[in-house]
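What follows is calculated from the coordinates using simple rules that are stated; it is not laboratory data. Since the model is a prediction, treat every value here as computed from it, not as a measurement. Neighbour counts run over all protein chains shown; Cβ positions are idealised from the backbone, glycine included.
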Amino acid sequence: MNKAYKFRIMPNSEQQIMFAKTFGCVRFIYNRMLADKIKYYEETKQKLNNTPAQYKKEFEWLKEVDSLALANAQINLQTAYNNFFRSSQIGFPKFKSKKSNHRSYTTNCVNNNIKLENGYLTLPKIGKVKIKQHRIVPFEYKLKSVTVSQTPSGKYYASILFEYENQVQQIKPKTFLGLDYSMHELYKDSNGNEACYSQYYRQAEKKLAKEQRKLSKMQKGSHNRNKQRLKVAKLHEKVANQRKDFLHKQSKQIANAYDCVCIENLNMKAMSQSLHFGKSVSDNSWRMFTSFLAYKLADMGKQLVKVDKFFASSQTCHVCGYKNPKTKDLSVRVWDCPVCGTHHDRDVNAAINIMNEGMRLINA
């Protein structure tokens, strides 16, 4: 099994220059190889299998950076290129923009050329970089690769991938929980509890709008504009970090308490494109929450069950099974079942139905 640890790194000025050079070379080789592939295909209608090595004679400065970083750029391009030809739903690979503030490259561990020890991470062509190691990596873990990235706010991170042997014993589910997606609270569960999500983006929206207005009025390429861009980037980064922290803690709490969690398999991309509630959907990040929940449960031998999105969880009375067509109107938050007389909270009732359907799918 593989597991990644993400650590903050603090390179010195010389190392920052080398990182910038590596980011640039990786972007250049990706774009150059893509341009040559396009040109060759237009002339011959065949695929071109080019490699970074054939460009080093013409561009000798490519030899100054880690060759494995360039090789990984080739692999990423080839994967994207092949995916396009395999499926019509996948778009053609795009050129990487020099103006993008998201930069990264991946290098592999070969002959122990990457080391993590004594608060330092040793990288090819870079040397020892100081690292904030907030957790201990088990001794038996084998280092496989490192992805170095720079955020728009200028911070550097290293995502280190380890390989380890671990046979997770699957637990027979005894405790179940159903979660119904809620736009404001993130979710309501089958026990009647809610996540009480703080909507971090909504809280920072006015401040973000103010700073972004300042940014839009500044002259492009100026020093003041770059300072303001960093200010805006730091605000966005803070919101993202607050959201991730909350989702990690919430998913860990649920994974520790229950053997099986049942959710709806919703199309969050379509919901986020809605004009009415797109911001709220993006803010609470249900998709990220469920992915955190999935891998945390899997590490413990537990299960995440996804119920079909067309399952009538909100319409069905969980006591007698009566379907209430009036609940198709999203403004109906509570209702009374005309058959058994049970009073329902819309989301809690849906969560109970989702849990029952998940239990049925497991036992089927």
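Overview of results
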| item | result |
| --- | --- |
| Shape of region 37-85, Cα gyration tensor, a/c cut at 1.5 | oblate |
| Those trypsin sites (Lys or Arg not before Pro) in region 1-54 that DSSP places in a loop and that have at most 10 other beta carbons within 10 Å | K45 |
| Net charge contributed by nearby residues that have their C-beta within less than 13 Å of H344 (K/R +1, D/E -1) | +1 |
| Potential extension, A240-K94 segment - 0.36 nm per residue separation minus Cα distance | 50.0 nm |
| Cα-based shape type of region 116-269, given that a ≥ b ≥ c are square roots of the gyration tensor eigenvalues and the cut on a/c is 1.5 | oblate |
| Summed residue charge, Cβ within 11 Å of P173's Cβ, Lys/Arg positive, Asp/Glu negative | +2 |
| Residue among L215, L247, L70 with the largest mean-square fluctuation in a Gaussian network model of the chain, springs linking Cα atoms under 10 Å | L215 |
| Residue of I114, I171, I136 that the Gaussian network model of the chain assigns the largest fluctuation, springs spanning Cα pairs under 10 Å | I136 |
| Mean Cβ count within 10 Å, highest first, over the residues of peptides 343-355, 307-319 | 343-355, 307-319 |
| Within the chain, helix-based [θ] at 222 nm, where runs of 4 or more DSSP H residues each add -39,500 (n - 2.57), nearest 500 | -14000 deg cm²/dmol |
| The chain - Kirkwood radius from inverse mean 1/r over Cα pairs (Å) | 24.3 |
| Helix runs (DSSP H) in the chain reaching 24 Å along axis by Cα, Kyte-Doolittle at least -1.0 | 13-44, 67-86, 346-363 |
| For region 221-340: rounded, prolate or oblate by the Cα gyration tensor [a/c cutoff 1.5] | oblate |
| Local net charge near E14, Cβ-Cβ under 14 Å (Lys/Arg +1, Asp/Glu -1) | +3 |
| Cysteines in the chain lacking a second Cys C-beta under 4.7 Å | C25, C109, C196, C260, C262 |
| Förster-model FRET efficiency, 35 Å R0, K174 and K132, C-beta, rounded to 0.05 | 0.30 |
| Candidates per trypsin sites (Lys or Arg not before Pro) in region 109-174, loop by DSSP, up to 10 other Cβ within 10 Å | R135, K174 |
| Loop-resident sites, region 100-163, for chymotrypsin sites (Phe, Trp or Tyr not before Pro), counting at most 15 other Cβ within 10 Å (DSSP) | F139 |
